[in-house]
Amino acid sequence: MPPTDKAWKGRFTEPTDAFVEAFTASVGFDQRLYRHDIRGSIAHAHMLAAVGIIQESEAALIAEGLSTIEKDIDAGHFTWSVGREDVHMNIEAALIERIGEVGKKLHTARSRNDQVATAVRLYLREGLDGLVGQLQRLGSVLLMLAEREAETIMPGFTHLQVAQPVTLGHHLLAWFEMFLRDAGRLKDARARLNVMPLGAGALAGTSFPIDRHMTAQALGFTRPTENSLDAVSDRDFVIEFTAAAALIMVHLSRIAEELVLWSTPQFGFIELADGFCTGSSIMPQKKNPDVPELLRGKSGRVIGHLTALLVLMKGQPLAYNKDNQEDKEPLFDTLDTVRDSLRALTELLPATTFHRKRMREEARRGYPTATDLADYLVRRGLPFRDAHEAAGRAVRLAIDRGVDLAELPLSELKTCSVLIEADIFPVLTLEGSLAARDHLGGTAPRQVHEAVARGRTRLADLEARSA
Ligand code: ARG
């Protein structure tokens with residue numbers, strides 16, 4: 001095959017080395033920017049016409065040509081050429097093929113450097129909005145489950161040792177908080193992402209009298225970028241997004257770890273739906289929690305992408321460098337991975353069976369109401385440190401007798417502290433312990449219901465912020 005005619009061929013006397021052509025090409029992965037590249041080009045063409053740089057009729061031809069190219073790509077009727085390097089030059093060359101000489105005017109007053117920066121921002125903005133929507137759906141699922149499980153008692157852990165009883169609803173609401181913060185972080189990143197680089201040209205701006213506000217508005221950006229050198233070289237928005245994405249994956253990974261633990265026979269807290277598990281090729285009894293394990297595992301690649309992007313940028317002098325082409329694969333894979341992972345958890349949770357009896361049983365073991373006994377003694381006037389010691393003696397007694405704190409007779413409890421009276425027993429029950437933590441942010445069922453109601457408003461507020 002003869003080498004492809006390059007858009008920049010004028011300065012060159014020899015053709016590009018075949019390996020170098022493949023090595024420098026990005027069309028294999030950046031073709032997925034085509035809709036956003038075309039959108040940017042159409043806005044640019046209309047602006048060129050509006051300020052009189054090209055004719056209105058020429059802009060119309062260009063826009064029309066680009067739209068048919070978009071339709072062909074949508075339909076899979078477009079042949080990408082590695083010789084044409086990237087998505088931008090493939091589309092421009094196709095445009096010239098289709099509409100002739102007029103197509104050559106599209107690239108007036110712009111460069112691929114401001115073009116790609118614009119396309120990536122548009123692409124990421126759309127992807128980011130999709131993830132915020134997914135986080136909202138996951139948030140609603142968690143609120144629904146938290147409400148349903150507001151009275152369900154489970155052990156709360158510190159150091160993975162039974163610590164104090166909590167409600168399952170309260171635990172689910174802790175997950176909700178993580179994802180609500182994630183959605184907020186994405187929104188914050190979106191605000192900084194949403195500025196328009198076109199007009200920065202290759203690096204120094206353009207000698208044409210363009211209207212940057214017009215293209216910014218047409219493309220839904222809040223304003224044009226301030227500095228042309230920064231505009232073509234800045235990839236902070238990619239890094240910021242990927243950092244927020246890495247944190248989403250860390251949250252998913254932590255939750256996945258809990259699901260893996262809870263689904264073991266040793267915990268027995270949950271049963272994952274068959275559709276979300278696989279068996280073993282050799283051990284017939286096995287039902288493996290593949291989906292949570294993959295959620296946990298996939299966090300690694302997104303954290304890796306964040307590192308890759310930071311390192312990609314750290315040595316770059318102003319302004320554009322070809323290094324920047326390497327931002328795309330980590331970004332695209334991050335978007336794909338987070339999208340699929342959020343979907344997986346959102347579908348898995350409502351299909352999960354929670355074994356309330358088992359949770360309650362485990363909550364009883366490990367003397368989780370010992371703190372309540374100490375608090376009781378404090379209310380009777382004992383300093384907390386002494387109360388802690390007295391409650392510790394009671395736990396010791398209960399361990400020796402092989403019973404629960406609430407099963408010790410009053411006479412035995414009194415040997416730990418004379419301040420203990422018959423009204424201690426409701427305090428030592430799991431229900432009593434939970435109900436006592438009845439303040440904003442506490443685990444009492446009443447508080448869980450109120451937190452769910454507030455959670456609904458907070459989700460709706462997030463919606464309003466996205467407008
Ligand atoms: N494919 C390139 C990228 O992704 C587009 C910009 C190329 N600019 C250049 N001066 N070679 O960054």
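Of the helices (runs of 4 or more DSSP H) lying entirely inside segment 390-467, those containing at least 1 residues that are under 14 Å from Thr167 (Cα atoms) span 430-436, 445-466. Of all the criteria given as (1) more than 30 Å from Asp423 (Cβ to Cβ); (2) more than 16 Å from the ligand (Cβ to nearest atom); (3) loosely packed, with under 14 Cβ neighbours inside 10 Å, the one not satisfied by Arg385 is (1). No other residue among Ala216, Ala183, Ala243, Ala191 is surrounded by 21 or more Cβ atoms within 10 Å (Cβ to Cβ) and out of contact with any strand residue (DSSP E or B) (no Cβ under 9 Å at 6 or more places or on another chain) apart from Ala183. When segment 194-208 is filtered for residues that are surrounded by 17 or more Cβ atoms within 10 Å (Cβ to Cβ) and among the hydroxyl-bearing types (Ser, Thr, Tyr), only Thr206 remains. Name the single residue, out of those in segment 310-339 being in contact with a Leu (Cβ under 9 Å, 6 or more places away or on another chain) and open to solvent by 30 Å² or more (accessible area, probe 1.4 Å), that is farthest from the ligand (Cβ to nearest atom). Ranking the qualifying residues of segment 310-339, first place goes to Arg339. Scanning segment 72-80 for residues that are open to solvent by 20 Å² or more (accessible area, probe 1.4 Å), closer than 19 Å to Ala202 by Cα and within 15 Å of the ligand (Cβ to nearest atom) turns up nothing. Restricting the first member to segment 28-42 and to residues that are open to solvent by less than 40 Å² (accessible area, probe 1.4 Å) and at pLDDT below 95, and the second to residues that are away from the ligand (no atom under 13 Å from the Cβ) and not in a helix (DSSP H, G or I), no beta-carbon pair is closer than 9 Å while six or more apart or on different chains. For residues that are open to solvent by 20 Å² or more (accessible area, probe 1.4 Å) and within 9 Å of the ligand (Cβ to nearest atom), tally how many sit in segment 86-110. The qualifying residues number 1.
Being free of Cβ contacts under 8 Å to residues at least 60 places away in the same chain, open to solvent by less than 10 Å² (accessible area, probe 1.4 Å) and not β-branched (Val, Ile, Thr) is not true of Leu348.
Of the residues making up segment 115-134, one or more are within 16 Å of the ligand (Cβ to nearest atom), within 19 Å of Asp30 (Cα to Cα), of a type in the set (Phe, Trp, Tyr) and open to solvent by 20 Å² or more (accessible area, probe 1.4 Å). Which residues, taken from segment 43-54, are open to solvent by less than 40 Å² (accessible area, probe 1.4 Å) and either touching a Pro at 6+ places or on another chain (Cβ under 8 Å) or in a helix (DSSP H, G or I) (or both)? Correct list: Ala43, His44, Ala45, Met47, Leu48, Ala49.
No other residue among Ile53, Ile73, Ile42, Ile69 is β-branched (Val, Ile, Thr) and over 18 Å from Lys105 (Cβ atoms) apart from Ile73.
The values are calculated or read from the model by the stated rules, or taken from the named source; none is laboratory data. What you see is a predicted model, and the numbers here were worked out from it, not measured in a lab. Cβ atoms come from the backbone with ideal geometry, glycine included; neighbour counts cover every protein chain shown. In case anyone asks, the SASA skips ligands and DNA or RNA and just uses the protein heavy atoms, side chains included. Shrake-Rupley method; radii C 1.70, N 1.55, O 1.52, S 1.80 Å.
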